[in-house]
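**Q** Handing you a structure now.
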Amino acid sequence: MHNQKLYRNLSQAYLTIVPIATAVLGFTVSNVSYKTYLPIWITNVFLMLAAFRILGASSISAGNNEKKYLAVSGFLLIAPWIFFSIFAGMGSPPETYAEWVSNEFEQQVRYAFLITGGVLLTVGFAVLKDIIKDTNGSIFSLIGFTAVSIAMILFVLDMSYWHSFLPETFKTKEAISLNKLPEWHRPIQKLFLVISIVEVSLTYLATAAFAASLKSAGWLKKSASLIYIVISLLAFILVALYGFYPESITTNGFPFYPFMIPAIPFVMPYYIGINLLRRAGN
């Protein structure tokens with residue numbers, strides 16, 4: 001019994017540090033060869049799956065439907081970061097269009113993984129909504145699922161733009177030689193900025209709503225739910241108010257930009273998923 005508790009605590013600790021380590025390495029380490037980061041990423045994938053198994057996977061085959069749903073939804077909310085953790089080795093996206101073109105395949109993998117994460121997140125919240133529907137948190141889960149459904153449609157559209165349309169645009173002679181997009185692209189760029197703002201705002205709103213629903217259902221501690229709600233609503237406000245910021249502020253990308261990095265809105269759902277797994281395995 002003591003060893004089992006130790007393994008569960010270690011599993012939870014490992015899962016907890018994955019997004020933090022990914023963000024730190026992704027922003028501080030330059031792009032390294034795939035021959036170096038792929039073996040490390042694959043090892044991390046196996047460790048995350050092992051941690052999932054120890055923390056709550058046994059509940060999936062249990063007769064208790066509540067624990068089964070909690071475990072499945074918890075895993076699906078965590079699963080996007082199984083893919084996103086590869087960004088620790090990829091580093092940040094290239095800064096010049098010539099670099100984009102020379103690393104086109106790697107960047108397409110990046111955005112394909114982000115699209116995969118968006119689909120997994122939506123399914124995870126769908127499973128969570130289904131089990132919460134008969135509790136006091138049903139109204140919040142309905143709001144959350146409606147918001148995330150719209151958000152992830154826009155998210156897939158936005159990531160497809162980065163995955164396919166932009167790399168082709170970067171290949172134009174003007175983009176490569178002047179590191180500047182053609183003039184005809186500017187309206188499209190502004191359109192997708194609006195799409196990005198809407199989908200990111202709705203994702204944070206959905207996260208806050210689901211945290212509230214879990215609190216109402218009694219499946220999330222009051223302190224934990226309050227943290228998720230406050231951070232998510234703060235991010236929602238900062239991103240949604242983009243159009244009201246002075247141009248001098250928006251040029252530097254602060255304060256909304258850190259919250260709009262594609263993988264960042266997945267962080268709070270990830271930690272909610274860990275809590276659900278822990279509860280399912282208890």
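**Q** Of all residues in region 193-204, which are crowded, with 24+ Cβ neighbours inside 10 Å and not acidic (D, E)?
**A** Within region 193-204, V200, S201, L202, T203, Y204 meet the criteria.
**Q** Name the single residue, out of those in region 19-40 being among the small types (G, A, S) and not in a helix (DSSP H, G or I), that is modelled with the lowest pLDDT.
**A** Top of the filtered list is S30.
**Q** Turning to a different aspect of this structure: Tally time: how many residues in region 41-70 are modelled with pLDDT of 90 or more and small (G, A, S)?
**A** Result for region 41-70: 2.
**Q** Just checking, which of L220, L157 is part of a helix (DSSP H, G or I) and either surrounded by fewer than 18 Cβ atoms within 10 Å (Cβ to Cβ) or in contact with a helix residue (DSSP H, G or I) (Cβ under 6 Å, 6 or more places away or on another chain) (or both)?
**A** Unique residue meeting the criteria: L157.
**Q** While we're here: In region 120-138, which residues are in contact with a helix residue (DSSP H, G or I) (Cβ under 8 Å, 6 or more places away or on another chain) and not aliphatic (A, V, I, L, M)?
**A** Result: T122, G124, F125, K129, D130, K133, T135, N136, G137, S138.
**Q** So K67 fits all but one of (1) surrounded by fewer than 23 Cβ atoms within 10 Å (Cβ to Cβ); (2) under 19 Å from the mean Cα position of the chain (by Cα); what number is the exception?
**A** (2)
**Q** Mind telling me which of the residues I229, I197 ends up being within 23 Å of L154 (Cα to Cα), within 20 Å of the chain's Cα centre (by Cα), modelled with pLDDT of 95 or more and part of a helix (DSSP H, G or I)?
**A** Exactly one residue qualifies, and that residue is I229.
**Q** Here are I249, I274, I237: which of them is part of a helix (DSSP H, G or I) and either modelled with pLDDT of 95 or more or closer than 19 Å to K67 by Cα (or both)?
**A** Just a single option satisfies the conditions, and that option is I274.
**Q** If we scan region 113-132, do we find a residue that is surrounded by fewer than 19 Cβ atoms within 10 Å (Cβ to Cβ), at pLDDT below 95, not hydroxyl-bearing (S, T, Y) and not in a helix (DSSP H, G or I)?
**A** no
**Q** What number of residues within region 88-111 satisfy the criterion of being modelled with pLDDT under 85, assigned to a helix (DSSP H, G or I) and of a type in the set (V, I, T)?
**A** The total comes to 1.
**Q** Which of the residues that make up region 260-271 are of a type in the set (V, I, T) and part of a helix (DSSP H, G or I)?
**A** Of everything in region 260-271, those that are of a type in the set (V, I, T) and part of a helix (DSSP H, G or I) turn out to be I264, V267.
**Q** Has region 120-138 got any residue that is touching a residue at least 60 places away in the same chain (Cβ under 8 Å) and within 30 Å of Y97 (Cα to Cα)?
**A** no
**Q** Among what's in region 1-55 and is among the basic types (K, R) and without any contact (Cβ under 8 Å) to a residue 60 or more places away in the chain, pick the residue that is surrounded by the most Cβ atoms within 10 Å (Cβ to Cβ).
**A** Per the criteria, the residue is R53.
**Q** Suppose we filter S58, S73 for residues that are among the polar types (S, T, N, Q), in a helix (DSSP H, G or I) and buried (at least 21 other Cβ atoms within 10 Å of the Cβ); which single one remains?
**A** Going through S58, S73 in turn, the sole match is S73.
**Q** Now for a different question. Considering only residues that are of a type in the set (F, W, Y) and touching a Pro at 6+ places or on another chain (Cβ under 9 Å), look in region 178-221 and name the one that is farthest from S138 (Cα to Cα).
**A** Y204
The values are calculated or read from the model by the stated rules, or taken from the named source; none is laboratory data. Bear in mind the structure is a predicted one, so any value in this text is a computation, not a measurement. Note: ideal-geometry Cβ built from the backbone for every residue, glycine included; neighbour counts use all protein chains shown.
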